[in-house]
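Q: One structure, pasted below without further comment.
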Protein chains: 2
Amino acid sequence: MAVAIEKEKPESERPDTFLRETDSSLSSSSSSPTTSVRARFEKMIREVQDSVCETIEKTDGVGKFKEDVWSRPGGGGGISRVLQDGGVWEKAGVNVSVVYGVMPPEAYRAATASAADVKPGPVPFFAAGISSVLHPKNPFAPTLHFNYRYFETDAPKDAPGAPRSWWFGGGTDFTPAYIFEEDVKHFHSVQKNACDKFDPSFYPRFKKWCDDYFFIKHRGERRGLGGIFFDDLNNYDQEMLLSFATECANSVISAYIPVIEKRKDTPFTDHNKAWQQLRRGRYVEFNLVYDRGTTFGLKTGGRIESILVSLPLTARWEYDHQPEVGSEEWKLLDACINPKEWI
Amino acid sequence: MAVAIEKEKPESERPDTFLRETDSSLSSSSSSPTTSVRARFEKMIREVQDSVCETIEKTDGVGKFKEDVWSRPGGGGGISRVLQDGGVWEKAGVNVSVVYGVMPPEAYRAATASAADVKPGPVPFFAAGISSVLHPKNPFAPTLHFNYRYFETDAPKDAPGAPRSWWFGGGTDFTPAYIFEEDVKHFHSVQKNACDKFDPSFYPRFKKWCDDYFFIKHRGERRGLGGIFFDDLNNYDQEMLLSFATECANSVISAYIPVIEKRKDTPFTDHNKAWQQLRRGRYVEFNLVYDRGTTFGLKTGGRIESILVSLPLTARWEYDHQPEVGSEEWKLLDACINPKEWI
């Protein structure tokens, strides 16, 4: 059911910040004069957007990102950048959004994993995030997704000084159509290194969370080979988690681009391409049926083109397709059904 | 959330009936000796499956239907038939299923439009239906979907003789990528004629219901140009509704095949094909996000390959695609946004 949030409108210029003036100096935990987490998170995701887009364009060689800036009448806005039908990527979307306002309880339930403690009535909120899906053309080159977000609900108006609640979420995951073990090991190692800088429990825990999250229940298989995923994370120091999210987002290029460089020009057959397209079909199934970001966006009437930029340019559904036992396609499917420890 | 219904298993032979022995002579409304509605509905949908598949194969000229027969440990089974990559159709699926058993309340809520009156606890049910989606290759040839189903919940065990509840649902709808007004008029006229044999209020009511049902809320557009749709229909004579569903199902061939014959060999460009693929992407969005039959099937752990046979062989998502104002593509989109009266 769609809920009434006013439609976004296009803007001709990129603002320096989407924050309200009061947000930038406002510390979420105290009255200290440091720049607020909101402001630092926005700065981080916009820098990551710039650096990822720059690297993608350079690696692609042909395509250029098209930029759309938009604002929400209710508060905030975003920058969507999409490169379509390039030299290396079929579709690459890198979006940031910084939005706030009042959220219907139903949307709030879709936004948080722990729906049990939802209070009735509208919820004042702040949400900022970067979200990206990169679908290459070559069937041996993997799709990458990453998303890092920060969420706050405002302090209750009737209790001045009461703490607002906040949490971080995000992850980076890897979706090849074929397994090259060295690629998967490299990708997971970068995730582990980023995690280990903060807490040795993070990688094993967020790796499993990722395997559990990107599960296509009706197929009994995951959409890909995982990575890390976490959500509703607030039981650590807020500054530590901001640094952790920053480290993860800054690791995307080193985790992904070396793999793309190695695979982007590998010769392939129609058979390889059809298999990639089938796996893209599974990607669509996951995103439209299960992904919380997508279902949240569809329910809240967010900017549809930004939300659905995660869908591949092309996808395929064959009736009752079964890869031959022992084939390369079968090995991928097996690893999607039975997640492995890669490092 | 998936609920626990046991997995179907493949069968090597098509049974004469999927019904239990007690079902065939059991009248649902009284103790009269006539053949039960369950049995007559199964016979009807299996005859329609045979005649539609025969006609499709003849018109296609190249493709042959592959048949899968399956049974459910909980009760009943089905016959899935799929023709893939034929001469005329990219994918044509025609499925029947006749299933019964005990349904978790959550599945029941997904199966019925009026969820308000759901009692807690498992619900004994019977459901039979024919469901078909026909996706042609030529971008000027329309996709067709039809589905007719009959549903019963058992009489409560603690109140012998109490009436069981029953309802009919279904419809036939038309999804071209380009408008040929004569085709749309022909299609809607056949629907209207079938309706008018039973009740003059049916066509206007079910035409509107169809426009309302196949609405992609997050796009603000319908997936196609409609037809008829009805659900939870039980406030008419049961025999009349059985005849009505039979008439509608038997009208599919005359509504659709003449249009296919006219358009299947029309020359087309890459531009036409890409637009068809984009509209196929919308079809996928509707089916995975909104279609009750699909979401019901995914929740109840039904036979996934039968449920998702409705998805096209190929689909496409372009970022922020806007057809040129006044173009043929724009005309189609306009009619999906603003439903028209075609006859």
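Q: Cα centroids of the range B:194-254 and the range A:164-243: how far apart, whole angstrom?
A: Computed from Cα coordinates, the inter-centre distance equals 47 Å.
Q: For the range A:247-343, compute Rh as the Kirkwood radius over C-alpha pairs and then the Stokes-Einstein diffusion coefficient at 37 °C and 0.692 mPa s; write the answer in µm²/s, rounded to an integer.
A: Numbers: Rh = 16.2 Å.
Answer from the Stokes-Einstein relation: 203 µm²/s.
Q: Averaged across B:280-293, how many Cβ atoms of other chains sit within 10 Å of each residue's Cβ atom? All intermediate terms of the calculation are to be shown ahead of the outcome.
A: Details: counts 2, 7, 0, 0, 7, 6, 1, 1, 7, 5, 2, 0, 0, 0.
Counting Cβ atoms of other protein chains within 10 Å of each residue's Cβ and averaging gives 3.
Q: Using only the Cα atoms of the range A:286-332, construct the convex hull and provide its projected area averaged over every direction, in square nanometres to one decimal. Let's see the in-between values first.
A: Values: hull surface 18.4 nm².
Averaged projected hull area, Cα only: 4.6 nm².
Q: Mind giving me the nanometre distance, one decimal, between the label points for A:Asn234 and B:Glu341, set 7 Å out from Cα along Cα→Cβ?
A: 5.5
Q: Taking R0 as 56 Å, what FRET efficiency do you get between B:Ser51 and A:Thr55 from their Cβ-Cβ distance, rounded to the nearest 0.05? Don't skip to the end; give the middle numbers.
A: Values: r = 58 Å, r/R0 = 1.03.
Taking R0 as 56 Å, the efficiency between B:Ser51 and A:Thr55 is 0.45.
Q: Ok, one more. Report the convex hull volume per residue for chain A, counting only C-alpha atoms, in Å³.
A: Details: hull volume 47.2 nm³, N = 343.
Hull volume over Cα atoms, normalised by residue count, gives 138 Å³.
Q: Here's something else I'd like to know. Stokes-Einstein diffusion coefficient for the protein assembly as shown at 4 °C in a medium of 1.567 mPa s, Rh from the Kirkwood formula over Cα pairs: what value in µm²/s?
A: On the way: Rh = 27.0 Å.
Taking Rh from Cα pairs, D becomes 48 µm²/s.
Q: If I build a Gaussian network model for chain A, linking alpha-carbon pairs within less than 10 angstrom, which residue out of A:Gly74, A:Gly297, A:Gly226 has the largest mean-square fluctuation?
A: Fluctuation is largest for A:Gly74.
Q: Beyond 19 Å, what share of the Cα-Cα pairs of the range B:182-316 is found? Please give it as a whole percent. Working shown, then result.
A: On the way: 5619 of 9045 pairs.
Of all Cα-Cα pairs in the range B:182-316, 62 percent lie more than 19 Å apart.
Q: Same structure, new question: Would you calculate the separation in nanometres between label points at A:Val102 and B:Arg164, each defined as 7 Å from the Cα along the Cα-to-beta-carbon direction?
A: The answer from the label model is 5.0 nm.
Q: Right, something else. For A:305-314, what's the mean count of beta carbons from other chains sitting within 10 Å of each residue's beta carbon?
A: Whole-number average of other-chain Cβ neighbours for A:305-314 is 5.
Q: I'd like to compare B:89-97, A:85-93: which one has the highest average count of other Cβ atoms within 10 Å, and what's the full order after that?
A: Working: B:89-97: 25.2, A:85-93: 21.4.
Ranked from most to least packed, the peptides come out as B:89-97, A:85-93.
Q: Return the subset of A:Lys137/A:Lys207; A:Lys137/B:Lys264; A:Lys185/A:Lys331; A:Lys197/A:Lys262; A:Lys192/A:Lys340 for which the Cα-Cα distance in this structure is over 19 Å, preserving the input order.
A: Pairs exceeding the cut-off: A:Lys137/A:Lys207; A:Lys137/B:Lys264; A:Lys197/A:Lys262.
Q: Using only alpha carbon pairs under 8 Å that are at least six residues apart, calculate the relative contact order of chain B and give it in whole percent. If you can, show how the numbers build up before the last one.
A: On the way: 629 pairs, mean separation 59.3, N = 343.
Relative contact order of chain B: 17 percent.
Q: Within the range A:65-85, what residues put their amide N at less than 17 Å from the label point 7 Å along the Cα-to-Cβ vector of A:Ser12?
A: A:67-71
Any read-out appearing in this document is the output of simple, stated calculations on the displayed coordinates, not a laboratory observation. These numbers were taken from a predicted model, which means no experiment stands behind them. A quick note on method: Cβ atoms are made from the backbone with ideal geometry, for glycine too, and the neighbour counts reach across all protein chains shown.
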